[in-house]
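One structure below.
The values are calculated or read from the model by the stated rules, or taken from the named source; none is laboratory data. Please read these numbers as outputs of a predicted model, since none were measured by experiment. Cβ atoms come from the backbone with ideal geometry, glycine included; neighbour counts cover every protein chain shown. Note: areas computed on protein heavy atoms with side chains; ligands, DNA, RNA excluded. Shrake-Rupley method; radii C 1.70, N 1.55, O 1.52, S 1.80 Å.
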Amino acid sequence: MRRVSEGGGTNGGRLWEAVRAVPRTLREDLCTVARDPLPSLRWLGRLPHAHAVLFAVLMGLANANQYEPQLEPATSAATTTVATAGAMAVTLLVVLQSGAAILALSRPVPAWWLSTLALFLARTVGETKVSHAPLWSWSFPGIALHTFVLFLLALRVRPRVAAEALGLTLLSGLAAWAFAAPAQQPSLLQDAVTCTTAVVVGASLRGRRVARSQLVEQEVRTADERARRTLLEERNRIASELHDVVAHHMSVISIQAQVAPHLVKEPTDELKENLAGIRENAVEALTELRRVLGVLRSEDASSDGVRHAPQPTLGRLDELVGKVRATGLAVVTETTGQPRPLPPGVDLSAFRIVQEALSNTMRHAPGAAVRVDLGYRPGGLTVRVTNTAPDRPAPPSPGAGHGLLGMHERTAMLGGELATGPTPDGGYEVTAILPTHTAEPAEPGEDAP
């Protein structure tokens, strides 16, 4: 029995705390004058706002025709004064109701307070009545304006705040009906159903709009994450390829440092020590490179045979072009300048750029003619791949490729420049300028710097 009593006390305390929190919650939700403009629509723009203002004006005019002072004909100065005051009160309430509907376009919560106050005073201030016998406790235009304000409120605020506003609206209607002598049989049920329907519809539309906005934000975040992941994957692939180039040079350094003492007659101890240190550092660097490569390799990477195969260079360009021609694509190559050995990174990147450009042409420009130009110039290499317009529509791509992204990454890694884009004849062009950063050999008869 004690446990039940204690449980009942705990539940009662929680209920009391919830009841005590109601005023604070209402104050936080509804005591605000914050601006919350109604957003414009994608296709209609501000046209619904103009329609809302027109609706408020027309309902205001109709509302003014519905109310009339319940006064005796003016037979004295006193009755004339009362009639004038009543007419002014009715006019002010009509203006407040219409103005609240317009204000709700920018500040829905203050507009709701103003409309609720006007609706309450319309039944309690003075002796006014509706000029006909409607099914409503207030005039139909007045209820329509307040319903419209509730609808605009529910479009912008959380459902809890809209429910609180609806509850206070119904309580104010009951209070007005209880404190004022009704001029006709009241029908509060129709008023409640109308206001509730407006709030439910507005909250539903708001929920749909919020869900759509969240979906768009999620799609943007997903696209950004996909682009970031694609960039990292491409960088990892480039780093894996360049590992072989760097590892080769480190192995050569290690071997040369090991052999060098045997090429010198009676090498000094300092020389042996320095060469041993060079070899040791080269071996350690090579070991770290292999560890890094193990991290970069993905589980679905190529087989070991392909992984450890020599990286391609421009010396295999004819082989690449032959494979592309076998697919039915017309490819022409031209080399300008004096061909010379290139740094391994530049040689590999130039081959990959040509390879990616030809792959993009086969995917997106079937039947086009392709031209590959290699320009050897002092201090750099220019790679230009162009294709004509396709002779038939390209099949849909299975997904977003990494071709252009890889070209940009390789060119930026070397400190070069890359330009891609359509050509005037409907084709496409890829131009990469890759600096070599190597000194040119001196011409015979010239002094070396």
ask   = In segment 173-194, is there at least one residue being buried (at least 20 other Cβ atoms within 10 Å of the Cβ), at pLDDT 85 or above, out of contact with any strand residue (DSSP E or B) (no Cβ under 8 Å at 6 or more places or on another chain) and not aliphatic (A, V, I, L, M)?
value = no
task = Hey, can you tell me all the residues within segment 418-433 that are surrounded by 12 or more Cβ atoms within 10 Å (Cβ to Cβ) and assigned to a strand (DSSP E or B)?
result = 418, 420, 428, 429, 430, 431, 432, 433
ask   = Considering only residues of segment 33-62 that are more than 16 Å from residue 152 (Cα to Cα) and outside any helix (DSSP H, G or I), which is least open to solvent (accessible area, probe 1.4 Å)?
value = 45
remark   = Residue pairs qualifying under the 8 Å Cβ cut-off, at least six apart or on distinct chains, with the first in segment 187-207 being touching a residue at least 40 places away in the same chain (Cβ under 8 Å) and of a type in the set (Val, Ile, Thr) and the second being open to solvent by 30 Å² or more (accessible area, probe 1.4 Å) and in a helix (DSSP H, G or I), are 199/151; 199/163; 201/151
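This table checks each residue for (1) surrounded by 11 or more Cβ atoms within 10 Å (Cβ to Cβ); (2) in contact with a strand residue (DSSP E or B) (Cβ under 8 Å, 6 or more places away or on another chain); (3) modelled with pLDDT of 70 or more.
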position	(1), (2), (3)
248	yes, no, no
260	yes, no, yes
270	no, no, yes
285	yes, no, yes
291	no, no, no
307	yes, no, no
note = Reported set for segment 393-410 where residues are out of contact with any helix residue (DSSP H, G or I) (no Cβ under 7 Å at 6 or more places or on another chain) and modelled with pLDDT of 85 or more is 408
request  = Can you confirm whether segment 345-368 contains a residue that is surrounded by fewer than 16 Cβ atoms within 10 Å (Cβ to Cβ), in contact with a Ser or Thr (Cβ under 7 Å, 6 or more places away or on another chain) and in a loop (DSSP other than H, G, I, E, B)?
outcome  = no
request  = Starting from residues that are open to solvent by less than 80 Å² (accessible area, probe 1.4 Å) and among the hydrophobic types (A, V, I, L, M, F, W, C), keep the ones in segment 218-243 and report whichever is modelled with the highest pLDDT.
outcome  = 220
message = Among the residues of segment 105-143, what is the count of those that are assigned to a helix (DSSP H, G or I), open to solvent by less than 50 Å² (accessible area, probe 1.4 Å), modelled with pLDDT of 90 or more and among the hydrophobic types (A, V, I, L, M, F, W, C)?
response = 3
note = Checked segment 20-47 for anything under 26 Å from the mean Cα position of the chain (by Cα) and over 16 Å from residue 111 (Cα atoms); matches are 39, 40, 41, 42, 43, 44, 45, 46
